[in-house]
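> Quick one: the structure is below, and I'll ask about it shortly.
The values are calculated or read from the model by the stated rules, or taken from the named source; none is laboratory data. Model, not experiment: these values are computed from the prediction. Cβ sites come from the backbone with ideal geometry, for glycine too, and all protein chains shown count toward neighbours.
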């Protein structure tokens with residue numbers, strides 16, 4: 001399985017760029033050396049509409065084998081994900097794999113529309129697979145604009161509105177307002193839904209570095225953010241005063257709904273007997289997304305976990 005990586009926050013990309021720039025190697029004890037000796041780079045990023053569906057991929061191997069996958073697992077017709085594999089198998093998919101490769105080529109996209117998700121403008125449209133990434137033999141490549149087959153319900157994210165920004169990593173806060181404006185515009189009117197003659201709420205934008213596709217971050221509007229932030233796309237970590245404040249930030253309705261989506265994607269029964277698995281996913285997701293916030297706040301991780309579990313358990317048992 002060729003899993004699609006998690007997309008981080010703006011502040012995480014700032015940290016990664018600065019760490020990579022300042023890294024000077026290791027000392028005689030094997031400890032990393034970081035020295036800030038010159039200016040950080042200015043990098044161009046391209047933004048594409050972030051669609052609220054379910055992450056999906058089709059992978060072709062050198063032996064001709066095709067694999068269909070969700071973000072978390074390989075699919076089969078018996079264990080599908082929102083009908084993705086069943087919808088793709090009858091289609092002529094040869095156009096997806098015309099690029100040369102040695103081991104494999106992976107085509108990533110969002111399976112969306114129909115009733116796959118709720119509360120967004122693309123809900124109710126014909127189900128579609130919207131391609132947003134291509135990986136060839138472990139290397140990300142630029143997404144070819146011609147890679148689509150609209151008559152088959154396969155689209156390319158570059159067919160829709162895109163955005164461009166330059167980020168000076170010496171002063172990343174200078175683009176903060178611009179990113180927020182772009183994000184709010186998508187949340188107020190999803191460009192993909194508008195393309196199909198429908199207006200309504202969009203999720204946000206994914207920004208990808210033009211020269212290094214490993215650098216990417218997501219920007220969601222308030223209605224879709226998994227954390228209850230005071231400012232969208234903060235450039236610095238925001239410390240929380242106490243455990244209750246951290247839980248209020250992190251254990252949001254959107255994040256809890258994402259836990260339900262994880263269950264649905266993996267065909268896990270939404271039942272009281274699986275409460276532990278739900279709580280485990282929520283805790284793991286929060287610690288991954290908000291690790292820097294937790295560290296900056298100086299809170300006891302064990303006590304934070306317990307507080308997360310209490311709130312999430314009550315929500316889950318009420319949900320079922």
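> So which residues in the range 206-233 are in contact with a helix residue (DSSP H, G or I) (Cβ under 8 Å, 6 or more places away or on another chain), in a loop (DSSP other than H, G, I, E, B) and modelled with pLDDT of 60 or more?
If the condition is that a residue be in contact with a helix residue (DSSP H, G or I) (Cβ under 8 Å, 6 or more places away or on another chain), in a loop (DSSP other than H, G, I, E, B) and modelled with pLDDT of 60 or more, then 215, 221, 222, 223 are the ones that fit.
> Here is a further query. Report, by residue number, each residue of the range 53-74 that is without any contact (Cβ under 8 Å) to a residue 24 or more places away in the chain and crowded, with 20+ Cβ neighbours inside 10 Å. Walk me through how you get there before you give the answer.
Taking the range 53-74 as the starting set, the residues that turn out to be without any contact (Cβ under 8 Å) to a residue 24 or more places away in the chain are 63-65, 68.
Once the filter is applied, which keeps residues that are without any contact (Cβ under 8 Å) to a residue 24 or more places away in the chain and crowded, with 20+ Cβ neighbours inside 10 Å, the range 53-74 yields only 68.
> Okay, next question. Taking the residues in the range 130-147 that are under 17 Å from residue 3 (Cα atoms) and in a loop (DSSP other than H, G, I, E, B) as candidates, determine which candidate is modelled with the highest pLDDT.
Per the criteria, the residue is 137.
> Next question. Listed residues 250, 307; which is surrounded by 15 or more Cβ atoms within 10 Å (Cβ to Cβ), modelled with pLDDT of 90 or more and either over 21 Å from the mean Cα position of the chain (by Cα) or not assigned by TED's automatic domain parsing to the domain that holds residue 218 (or both)?
Values: 250 fails: modelled with pLDDT of 90 or more.
None of the other options fit; the residue is 307.
> Mind counting the residues in the range 92-116 that are under 18 Å from residue 54 (Cβ atoms) and either buried (at least 20 other Cβ atoms within 10 Å of the Cβ) or not assigned by TED's automatic domain parsing to the domain that holds residue 64 (or both)?
Going through the range 92-116 one residue at a time, the tally reaches 9.
> Identify the residue in the range 29-48 that is within 30 Å of residue 183 (Cα to Cα) and in contact with a strand residue (DSSP E or B) (Cβ under 6 Å, 6 or more places away or on another chain) and, among all such residues, is surrounded by the fewest Cβ atoms within 10 Å (Cβ to Cβ).
42
> For the range 285-300, which residues satisfy the criterion of being part of a helix (DSSP H, G or I) and surrounded by 12 or more Cβ atoms within 10 Å (Cβ to Cβ)? Break it down into steps so the answer makes sense when it comes.
As a first pass, look at the range 285-300 and keep what is part of a helix (DSSP H, G or I): 285-289, 291-297.
Within the range 285-300, 285, 286, 287, 289, 291, 292, 293, 294, 295, 296, 297 meet the criteria.
> So, one more: Does residue 67 count as more than 30 Å from residue 221 (Cβ to Cβ) and either under 13 Å from the mean Cα position of the chain (by Cα) or at pLDDT 95 or above (or both)?
In short, yes.
> Applying the selection to the range 22-41, what residues are closer than 30 Å to residue 137 by Cβ and at pLDDT below 95?
Scanning the range 22-41 gives 23, 25, 26, 32.
> Same structure again: Please specify each residue of the range 77-91 satisfying the condition of being surrounded by 10 or more Cβ atoms within 10 Å (Cβ to Cβ) and not in a helix (DSSP H, G or I). Explain how you work it out, then say what you get.
Let us first name the residues in the range 77-91 that are surrounded by 10 or more Cβ atoms within 10 Å (Cβ to Cβ), namely 77, 79-89, 91.
77, 79, 80, 81, 82, 83, 89, 91 - these are the residues of the range 77-91 that are surrounded by 10 or more Cβ atoms within 10 Å (Cβ to Cβ) and not in a helix (DSSP H, G or I).
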